[in-house]
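I have placed the structure first, in the form of structure tokens, so that the comments after it can refer back to it.
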Number of protein chains: 2
Amino acid sequence: MSGFVSFVSSGPGDPELLTLKAVDRLGRADAVLYDDLSSGAILDHAREGADLVGVGKRAGRPSPRQDHVSRLLVDYARTGQRIVRLKSGDSGVFGRLEEEIVALIDAGIPFEVIPGVTSASAAAAAVGIPLTRRLTARRLQFVTGHDVAGKLPEDLNMAALADPQATTVVYMGKRTFPAFASALQQAGLPSDTPAMLAEGVSTDAERITASTVATLAAALEEGISTAPALIFYGALMAPTQESPA
Amino acid sequence: MSGFVSFVSSGPGDPELLTLKAVDRLGRADAVLYDDLSSGAILDHAREGADLVGVGKRAGRPSPRQDHVSRLLVDYARTGQRIVRLKSGDSGVFGRLEEEIVALIDAGIPFEVIPGVTSASAAAAAVGIPLTRRLTARRLQFVTGHDVAGKLPEDLNMAALADPQATTVVYMGKRTFPAFASALQQAGLPSDTPAMLAEGVSTDAERITASTVATLAAALEEGISTAPALIFYGALMAPTQESPA
């Protein structure tokens, strides 16, 4: 007897950005394995008596190893229960979804993936900046600023990333951005390209700051907070056209 | 007296992929201006008596011009009502959001943007393919396959798009894909790069077909359906690892 796993994307943090399908799956789960960013009020949708198991990173504590999380997921599912594996943002976008899917396939456990709102969409919406524009931003790209060792990945396609006509969003890239910005400038990106730092997106701690690539890199060199963040740069709509809301 | 406009992203089509916030705004709107892809059961969340105004493209009929839609939106808002402007997918991703935001700013009408699930996330979730992978797909890019005249845009960054290590999603690119694929191959993308056609994502008509760039281009040369579609290519997870669900 095997259980069933729903990978549920919880969105960027605001519980109101859960989808109806995510709420449904949470309400029917026997156990919820959640990341730290998809905790809090989001877990209020779980039914009373469900097991709530935190498996995510927490500031100041080492995070559980990915293979440990995958094994825990398989073990829970093997008890024959309905499991929700809650992941922040959209689970398919820098959510380490592949490793857990492969573990389930190897174990013969059926699953589904419920998509969600990725943090880039929420940050852009918060300031009224469309991620694509009809004439000047026909390409939108998401990249991660750190590899499995937490360093700037060595094999990034810098020519693709240094295109000022695209909108680029760097996930988990706050710490490595000074080095990343330097590589971008070497690849030809003007240092005064508009940039934006989005921290704590869609939460009470949301803080979005307009800047340029060079200025933001210098500021992050000075010191960074531990808040999860996205960095935007490229063909962003001019700040004068930002939402007054 | 001016109204208030909520740009509400309705997600890829499945009404269950609406966010709680989208449902809330629909339930409180005096008027809903909707695109064709965000109609049907999604509109059941509007309150009784709300004006429901279709402004989107419909197969076989010319679509209203964008400036006409923007003017209609401003006119509705000026009556002092709560307006929902419903857009499919995530409104910030190829949703022509900029033109309407600018029209509201020019008219001094306050607004908010509610992010949503973009179709790429839903298509990938349907087949259990993560959009990013830890080692082989650290860059995810979205591009549109047609310009304002419906042709393949001339200024695409083909070097960025011909990277087999990225996951690329082409929005609205079914008709121009044969020419696009030819340009990709000229830019160095292997013709046997995995590709996937995703039609009618998250609706009853959903149909997702695994292919290669060359084979898919040849098939689309033969003839295409009118169903809205996304094309994926690049570092897609092998089909043998697809979800059995």
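The values are calculated or read from the model by the stated rules, or taken from the named source; none is laboratory data. A quick note: this is a predicted structure, and the numbers were derived from the prediction, not measured. Every residue, glycine among them, receives a Cβ derived from its backbone with ideal geometry; neighbour counts consider all protein chains shown. Note: accessible area is taken over every heavy atom of the protein model, side chains too, but ligands, DNA and RNA are not part of it. Shrake-Rupley method; radii C 1.70, N 1.55, O 1.52, S 1.80 Å.
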| note | The lone condition residue B:59 fails out of (1) on the phi > 0 side of the Ramachandran plot; (2) at pLDDT below 95 is (1)
| Which number in (1) more than 23 Å from residue B:113 (Cβ to Cβ); (2) modelled with pLDDT under 95 marks the one condition that residue A:184 misses? | (2)
| Would you call residue B:217 open to solvent by less than 20 Å² (accessible area, probe 1.4 Å), part of a strand (DSSP E or B), touching a Phe, Trp or Tyr at 6+ places or on another chain (Cβ under 9 Å) and in contact (Cβ under 8 Å) with a residue 40 or more places away in the chain? | no
| Total residues in the range A:78-108, condition more than 9 Å from every other protein chain (Cβ to nearest Cβ), hydrophobic (A, V, I, L, M, F, W, C) and not in a helix (DSSP H, G or I) | 3
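Considering every residue within the range B:48-65, establish whether at least one is assigned to a helix (DSSP H, G or I) and within 14 Å of chain A (Cβ to nearest Cβ).
Pass one, the range B:48-65, residues assigned to a helix (DSSP H, G or I): none.
Checked against the condition, which is being assigned to a helix (DSSP H, G or I) and within 14 Å of chain A (Cβ to nearest Cβ), the range B:48-65 yields no hits at all.
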| request: Would you confirm whether any residue within the range B:228-244 is open to solvent by 60 Å² or more (accessible area, probe 1.4 Å), over 17 Å from the mean Cα position of the chain (by Cα) and free of Cβ contacts under 8 Å to residues at least 12 places away in the same chain? | output: yes
| message | What's the number of the only condition in (1) in contact with an Asp or Glu (Cβ under 9 Å, 6 or more places away or on another chain); (2) part of a helix (DSSP H, G or I) that residue B:72 fails to meet? | response | (1)
| task | Name the one entry in A:125, A:120 that is buried (at least 23 other Cβ atoms within 10 Å of the Cβ), part of a helix (DSSP H, G or I) and touching a residue at least 12 places away in the same chain (Cβ under 8 Å). | result | A:120
| query | Restricting the first residue to the range A:173-190 and requiring it to be open to solvent by less than 60 Å² (accessible area, probe 1.4 Å), which pairs with a second residue that is polar (S, T, N, Q) meet a Cβ separation below 7 Å and a spacing of at least six or different chains? | reply | A:173/A:144
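If the requirement is being open to solvent by less than 10 Å² (accessible area, probe 1.4 Å) and assigned by TED's automatic domain parsing to the domain that holds residue A:12, which of these qualifies: A:72, A:86? Break it down into steps so the answer makes sense when it comes.
Numbers: A:72 fails: open to solvent by less than 10 Å² (accessible area, probe 1.4 Å).
After applying the criteria, what remains is A:86.
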| task | Within the range A:137-153, count every residue that is more than 7 Å from chain B (Cβ to nearest Cβ), surrounded by fewer than 16 Cβ atoms within 10 Å (Cβ to Cβ) and either modelled with pLDDT under 85 or closer than 20 Å to residue B:150 by Cα (or both). | result | 2
| field | Residues that are over 15 Å from the mean Cα position of the chain (by Cα) and either in contact (Cβ under 8 Å) with a residue 60 or more places away in the chain or more than 8 Å from chain B (Cβ to nearest Cβ) (or both), drawn from the range A:1-27 | value | A:1, A:2, A:3, A:4, A:5, A:6, A:19, A:21, A:22, A:25, A:26, A:27
| task | Quick one: residue B:45 ticks every box in (1) open to solvent by less than 40 Å² (accessible area, probe 1.4 Å); (2) modelled with pLDDT of 95 or more; (3) more than 23 Å from residue A:124 (Cα to Cα) except a single one, so which number is it? | result | (1)
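Just give me the residues in the range B:191-214 being outside any loop (DSSP other than H, G, I, E, B), open to solvent by 50 Å² or more (accessible area, probe 1.4 Å) and not aliphatic (A, V, I, L, M), in sequence order. Outline the logic, then answer.
Within the range B:191-214, the subset outside any loop (DSSP other than H, G, I, E, B) is B:194-199, B:207-214.
Among the residues that remain, those that are also open to solvent by 50 Å² or more (accessible area, probe 1.4 Å) are: B:194, B:207, B:209-210.
Of everything in the range B:191-214, those that are outside any loop (DSSP other than H, G, I, E, B), open to solvent by 50 Å² or more (accessible area, probe 1.4 Å) and not aliphatic (A, V, I, L, M) turn out to be B:194, B:207, B:209.
When the range A:160-172 is examined, which residues are found to be in a loop (DSSP other than H, G, I, E, B) and either open to solvent by less than 10 Å² (accessible area, probe 1.4 Å) or more than 24 Å from residue A:200 (Cα to Cα) (or both)? Give the steps one after another, and end with the answer.
Filtering the range A:160-172 for residues in a loop (DSSP other than H, G, I, E, B) gives A:162-166, A:172.
Result: A:162, A:163, A:164, A:165, A:166.
Restricting attention to the range B:14-42, which residues are open to solvent by less than 20 Å² (accessible area, probe 1.4 Å) and either assigned to a helix (DSSP H, G or I) or under 28 Å from residue B:125 (Cα atoms) (or both)? Break it down stepwise before answering.
First pass over the range B:14-42, keeping only residues open to solvent by less than 20 Å² (accessible area, probe 1.4 Å): B:17-19, B:22, B:26, B:29, B:31-33, B:38, B:42.
B:17, B:18, B:19, B:22, B:26, B:38, B:42 - these are the residues of the range B:14-42 that are open to solvent by less than 20 Å² (accessible area, probe 1.4 Å) and either assigned to a helix (DSSP H, G or I) or under 28 Å from residue B:125 (Cα atoms) (or both).
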